[in-house]
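Working notes, beginning with the structure itself.
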Amino acid sequence: MKDEPLLEIERLSVSFPGADGGRIRAVRDVSFAVSAGETVAIVGESGCGKSVIAQAVMRLLPPGTEVSGSVVFGGQDILAASEKEMEKIRGTRMAMVFQNPERALNPVLRIGRQLTEPMVLHGLCRREEAEEKALEALTALGLDAATMRAYPWMCSGGMCQRVLFAAVSLLQAELVIADEPTKGLDADRIRDLEEMLAGITADGRTGLVLITHDIGLTARLADRVLVMYCGMIVEAGWATDVLTAPAHPYTRGLLGSLPENGFRPIPGISPALLDLPSGCAFHPRCGGADEECRRSVPPMRENGGRQVRCFRC
Amino acid sequence: MKHRYFLPFALIAIFAAMATFPDLIAPFTPTERFSAYQAPDAAHLFGTDDMGRDIFSLVVYAARLSLLIGFASGAVAIVIGAAIGLAAGWRTGILDDLLMGTTDIVLILPKIPLVIILAAYLTPGPWLLILVLGLLSWESVARVVRSKVMQVRSADFILAARCLGFSEASIILREILPVVFPVVVPKFVLVTASAMISEASLSFLGLSDPTMLSWGVMISDAFNHGGFIREMWYWWMPPAICIILGVLAITSLAFLHERGNREVMQL
């Protein structure tokens, strides 16, 4: 792909203060990069720290959160940027697609205003020009001028979703993060959404981070896949490789639990982040675990573009 | 749906006309004198008072101060209440505790007795009255605004606004204020109505500036200068009816607005 990565995350760790004085280690030692025009999917079950990575990149984590490592976006150190600088970056250079489009729009403001406001706020253009552009973006997504005057509660979920995509495309961000965009959608809307997501990277300059637990969507859209378990990346590589020939026992279990692959769930439950098992976090549920897996955290091993965090493979 | 708004709007329009162009409506100025204590006739619709002034003209001219005191106190209360409610609801923690503590203190102050004490020392003119009534009625506004802000502050669309690069100030002004606005409007109207009643009560008790011309002062004059003993109901009744109609028109607008909102919500 491209040589200069758009987003480079190096050894990122995030922890929150826990209820009883302990720390919830939501993300541990995560490294990856996203290039322009590339789609990187982060998959894993709920609570594995996928969304926390997105929030760390957007710098939306609540106060009291401990973040270490480095996040470099377009040559700028995001973790060291001031809130003022972040306000300039958010929206214009990185944008986010939310999982619930109806709730991501202000119910008391007309859609036209919600589309134009960010452009005017960032000083990209004047209001009249912004209105023209907004209408263009809506038309491109199959909506009309009446939508500009409508309130979000008058629109269906699918319309709201298109409006949100219009908002993201209008600001022409270089990095788009989609946080569980297919959650709770029916098949029709997932197809719609897939098309819109594919459209984001089509210009070759925008990178997409797709946070999801929809393996099918990942297979269709992603160039590369990161599989996360308990805040750590356990396997990373080209989507076609990882999804057809999974190496890590967790990835194998994840794919094996899909209906089309026999519906065999991984035994046990994923542990609480406040009380992680010693060594490899997956060892209590892993068939091939031995003394070494219980004792120490396996390092990330690279082999031909594929990274796996496992002693046994 | 629209006809429900007709009566209150018509009344407010009439009062507003009286307040803005009294000289066009009233046949005489408040300083012109005729013979005192006249009964109503064709020349003097409501007769004349103890100083021989035309009562109908006085009622028209008094609309200006009565409405001004009501609306201006309402505006003072809304501005203070909304600012404090926004700050307390947006920034939780110590600032919230401090602001809400202050609000609770203002809430438990017995208003009319306090105003009476203040008035006894200051004999307030219209501006002081506006300030005092406004400063004593923002607390309910602050509480309503705060709870609304707390309700929406963690909403997805606020997070979405942050992701679009909205600063804190623009989130409050552009995203939260429009949400808060529909609860503030009826509050403004209610505070305005209660300020009008407070002004009338204080003036009747003789605790405001007796030289100012308001409906409350007119009733007080009628009481103190023989209007009640002589059974000149046409002296004190018109200003009293004006106060009642004014308050009713203003509050019914607020209730209609609220009902309209509820109907929209139920759609």
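Checking each residue in segment A:161-173 for being surrounded by 19 or more Cβ atoms within 10 Å (Cβ to Cβ) and either within 13 Å of chain B (Cβ to nearest Cβ) or acidic (Asp, Glu) (or both) picks out A:Gln161, A:Val163, A:Leu164, A:Phe165, A:Ala166, A:Ala167, A:Val168, A:Ser169, A:Leu170, A:Leu171, A:Ala173. Of everything listed in (1) within 14 Å of chain B (Cβ to nearest Cβ); (2) touching a residue at least 60 places away in the same chain (Cβ under 8 Å), the single unmet condition for A:Pro152 is (2).
Mind telling me which of the residues A:Gln99, A:Gln55 ends up being at the interface with chain B (Cβ under 9 Å from one of its Cβ atoms), of a type outside the set (Asp, Glu) and surrounded by 17 or more Cβ atoms within 10 Å (Cβ to Cβ)? Let's see the steps before the verdict.
Working: A:Gln55 fails: at the interface with chain B (Cβ under 9 Å from one of its Cβ atoms).
After ruling out the rest, the residue left standing is A:Gln99.
Name the helices (runs of 4 or more DSSP H) wholly inside segment A:118-185 in which the number of residues that are over 24 Å from B:Ser170 (Cβ atoms) is 3 or more. Spell out how you get there, then give the answer.
Values: elements: A:127-140, A:145-149, A:157-171.
Fully inside segment A:118-185 and qualifying: A:127-140, A:157-171.
Looking only at segment A:168-197, residues that are in contact with a strand residue (DSSP E or B) (Cβ under 8 Å, 6 or more places away or on another chain) and either free of Cβ contacts under 8 Å to residues at least 24 places away in the same chain or under 16 Å from B:Gly165 (Cβ atoms) (or both) come to 7 in all.
How many residues are part of a loop (DSSP other than H, G, I, E, B) and either modelled with pLDDT under 90 or of a type in the set (Val, Ile, Thr) (or both) if we restrict to segment A:108-117? Spell out how you get there, then give the answer.
Restricting attention to segment A:108-117, the residues satisfying the condition of being part of a loop (DSSP other than H, G, I, E, B) are A:108-110.
Within this subset, residues satisfying the condition of being either modelled with pLDDT under 90 or of a type in the set (Val, Ile, Thr) (or both) are A:108.
Total satisfying the criteria: 1.
Condition test on B:Leu190, is it at pLDDT below 90, surrounded by fewer than 18 Cβ atoms within 10 Å (Cβ to Cβ) and over 30 Å from A:Val120 (Cβ atoms)? For B:Leu190, the condition - at pLDDT below 90, surrounded by fewer than 18 Cβ atoms within 10 Å (Cβ to Cβ) and over 30 Å from A:Val120 (Cβ atoms) - is not met. The residue that is nearest to A:Phe165 (Cα to Cα), counting only those in segment B:144-168 that are more than 13 Å from chain A (Cβ to nearest Cβ) and surrounded by fewer than 20 Cβ atoms within 10 Å (Cβ to Cβ), is B:Met150. Is it the case, given these coordinates, that A:Val40 is among the hydrophobic types (A, V, I, L, M, F, W, C), away from chain B (no Cβ under 14 Å) and over 13 Å from the mean Cα position of the chain (by Cα)? Against the criterion (among the hydrophobic types (A, V, I, L, M, F, W, C), away from chain B (no Cβ under 14 Å) and over 13 Å from the mean Cα position of the chain (by Cα)), A:Val40 does not qualify. Annotation: B:Phe255 fulfils all but one of (1) more than 30 Å from B:Val149 (Cα to Cα); (2) of a type in the set (Phe, Trp, Tyr); (3) outside any loop (DSSP other than H, G, I, E, B); the unmet one is (1). Among the residues of segment B:199-218, those that are touching a residue at least 24 places away in the same chain (Cβ under 8 Å) and surrounded by 23 or more Cβ atoms within 10 Å (Cβ to Cβ) comprise B:Glu199, B:Ala200, B:Leu202, B:Ser208, B:Ser214, B:Trp215, B:Gly216, B:Val217, B:Met218.
In summary, A:Ile111 fulfils each of the numbered conditions (1) away from every other protein chain (no Cβ under 11 Å); (2) more than 12 Å from A:Leu164 (Cβ to Cβ) with the single exception of condition (2). Here A:Thr251, A:Thr240 are screened, and the one residue that is free of Cβ contacts under 8 Å to residues at least 40 places away in the same chain, in a helix (DSSP H, G or I) and surrounded by fewer than 18 Cβ atoms within 10 Å (Cβ to Cβ) is A:Thr240.
The single residue among A:Glu131, A:Glu85 that is over 24 Å from B:Leu177 (Cα atoms), more than 20 Å from the chain's Cα centre (by Cα) and either of a type outside the set (Ser, Thr, Tyr) or at pLDDT below 90 (or both) turns out to be A:Glu85.
Residue check: is A:Ala140 within 22 Å of A:Gly207 (Cα to Cα), more than 14 Å from chain B (Cβ to nearest Cβ) and aliphatic (A, V, I, L, M)? Yes.
Restricting attention to segment A:117-148 and to residues that are more than 25 Å from B:Ser167 (Cα to Cα) and not aliphatic (A, V, I, L, M), the residue that is surrounded by the most Cβ atoms within 10 Å (Cβ to Cβ) turns out to be A:Thr147.
Screening segment B:169-180 for residues that are touching a helix residue (DSSP H, G or I) at 6+ places or on another chain (Cβ under 8 Å) and more than 7 Å from every other protein chain (Cβ to nearest Cβ) and picking the one that is farthest from A:Val97 (Cα to Cα) gives B:Val180. In the condition set (1) in contact with a strand residue (DSSP E or B) (Cβ under 9 Å, 6 or more places away or on another chain); (2) within 14 Å of another protein chain (Cβ to nearest Cβ), A:Leu12 is compliant with all but (2).
Within segment A:1-91, considering only strands (runs of 3 or more DSSP E) that don't extend past its boundaries, which have at least 3 residues that are of a type in the set (Gly, Ala, Ser)? First the steps, then the outcome.
Details: elements: A:5-17, A:23-35, A:39-43, A:66-73.
In segment A:1-91, A:23-35, A:66-73 are the strands (runs of 3 or more DSSP E) which contain 3 or more residues that are of a type in the set (Gly, Ala, Ser).
Taking the criterion of being modelled with pLDDT under 95, hydrophobic (A, V, I, L, M, F, W, C) and over 17 Å from A:Gly199 (Cα atoms), the only residue of segment A:212-226 that qualifies is A:Ile215.
Here A:Arg93 passes the criteria (1) of a type in the set (D, E, K, R); (2) surrounded by fewer than 20 Cβ atoms within 10 Å (Cβ to Cβ); (3) free of Cβ contacts under 8 Å to residues at least 40 places away in the same chain; (4) within 14 Å of chain B (Cβ to nearest Cβ) except the one numbered (3).
For every residue, the table says whether it meets (1) more than 21 Å from A:Asp179 (Cβ to Cβ); (2) of a type in the set (Ser, Thr, Tyr); (3) touching a Gly at 6+ places or on another chain (Cβ under 6 Å); (4) in contact (Cβ under 8 Å) with a residue 12 or more places away in the chain.
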position	(1), (2), (3), (4)
A:Leu7	no, no, no, yes
A:Val14	no, no, no, yes
A:Glu38	no, no, yes, yes
A:Gly64	yes, no, no, yes
A:Ser82	yes, yes, no, no
A:Lys88	yes, no, no, yes
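The values are calculated or read from the model by the stated rules, or taken from the named source; none is laboratory data. This structure is a prediction, so every number in the text was calculated from the model and none was measured. Cβ: placed from backbone, ideal geometry, glycine included. Neighbour counts: every protein chain shown.
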